[in-house]
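What follows is a set of notes on a single structure, which appears directly below.
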Amino acid sequence: MSNQEQWDDEYKNPRFISLSHKPQKDFFRFVKWLKKNKNIDFTQKLSVLDLGAGVGRNSFYMADNYDAKVYAYDFSEEALEQARMIHAHPQISFVLHNIAEPYDLPDNSVDIILDVTSSNALNEKERTVYLAECQRVLKKDGYLYVRTLAKEGDVNAQKMIQEFPGGEKDTYIHPVRKIRERVFSGPDFKKLYGNYFKVIRMERKTGYQRWGKQNYKRNYWNVYLKSNKGEEVI
Ligand SMILES: C[S@@+](CC[C@H](N)C(=O)[O-])C[C@H]1O[C@@H](n2cnc3c(N)ncnc32)[C@H](O)[C@@H]1O
């Protein structure tokens, strides 16, 4: 089964994902940080791109609280069907779209991009398209928020990389979920994303990933990135 089919299957019969209505906690903190530091002008009509939106909890938070226009991309029709039912909002466009394919949005048009544990399922070639597209559509003063799996201190990740290798650096095929995942060391993340964005803040946190009936300790990076446009010296 492809990653997409695995996700469709998961949304038909949820075993691992959270179907919460609340925004993801670390993303919520990121938005508070943006507001507190006046990094983004929240009085403007904001344009938000939610990559791998799932059932739309984070999209709904941005549309409902900040009147943002949200483009919510996911490649799972099942996820979007549920999203349209439980998080319908006139400001959200739920779009069936692979985040590793060119985005149907103009250059420099998005204020905030969020990637809440979505792109860790991409392979290297796909990740290159995703990074270039995020860079292209993000405004000069825009921000990207990424929550992704961290390698450091995650014994479960290190075990899976050894036992169920995914064929690329620091990847595994999850033994229960059958989904490919990439974990990032801090230096690898900074090196890759640093080619496209400025890394403003990066913190590692422990969280839990549900596999069947058990919760496993996992480590996550919460990263605040800013567009690097306008940096070129002419
Ligand atoms: C762990 S869930 C997170 C959902 C959402 N971001 C949240 O915080 O509730 C990852 C989501 O990414 C989606 N996804 C994974 N790979 C994708 C791809 N290549 N294109 C579009 N969506 C993808 C999955 O369908 C799933 O809904």
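The values are calculated or read from the model by the stated rules, or taken from the named source; none is laboratory data. Because the structure is a prediction, the values reported are computed rather than measured. A quick note on method: Cβ atoms are made from the backbone with ideal geometry, for glycine too, and the neighbour counts reach across all protein chains shown. For the accessible areas, the whole protein counts, side chains as well, though only heavy atoms, and no ligand, DNA or RNA atoms are used. Shrake-Rupley method; radii C 1.70, N 1.55, O 1.52, S 1.80 Å.
Quick notes on this structure:
- The range 55-65, subset open to solvent by less than 10 Å² (accessible area, probe 1.4 Å) and without any contact (Cβ under 8 Å) to a residue 40 or more places away in the chain, residue farthest from Glu203 (Cα to Cα): Ala63
- Residue match in the range 45-66 (condition: within 13 Å of the ligand (Cβ to nearest atom) and within 22 Å of Gln214 (Cα to Cα)): yes
- For the range 48-56, the criterion of being assigned to a helix (DSSP H, G or I) and closer than 22 Å to Cys134 by Cα is met by no residue.
- Elements of the type strands (runs of 3 or more DSSP E) sitting completely within the range 121-218 and holding at least 3 residues that are closer than 23 Å to Ile99 by Cβ and at pLDDT below 95: these cover 197-211.
- Extreme residue, least open to solvent (accessible area, probe 1.4 Å), among residues of the range 14-44 that are more than 14 Å from the ligand (Cβ to nearest atom) and among the polar types (S, T, N, Q): Asn39
- Note on the range 93-120: among residues that are within 12 Å of the ligand (Cβ to nearest atom) and in a loop (DSSP other than H, G, I, E, B), the one that is most open to solvent (accessible area, probe 1.4 Å) is Glu101.
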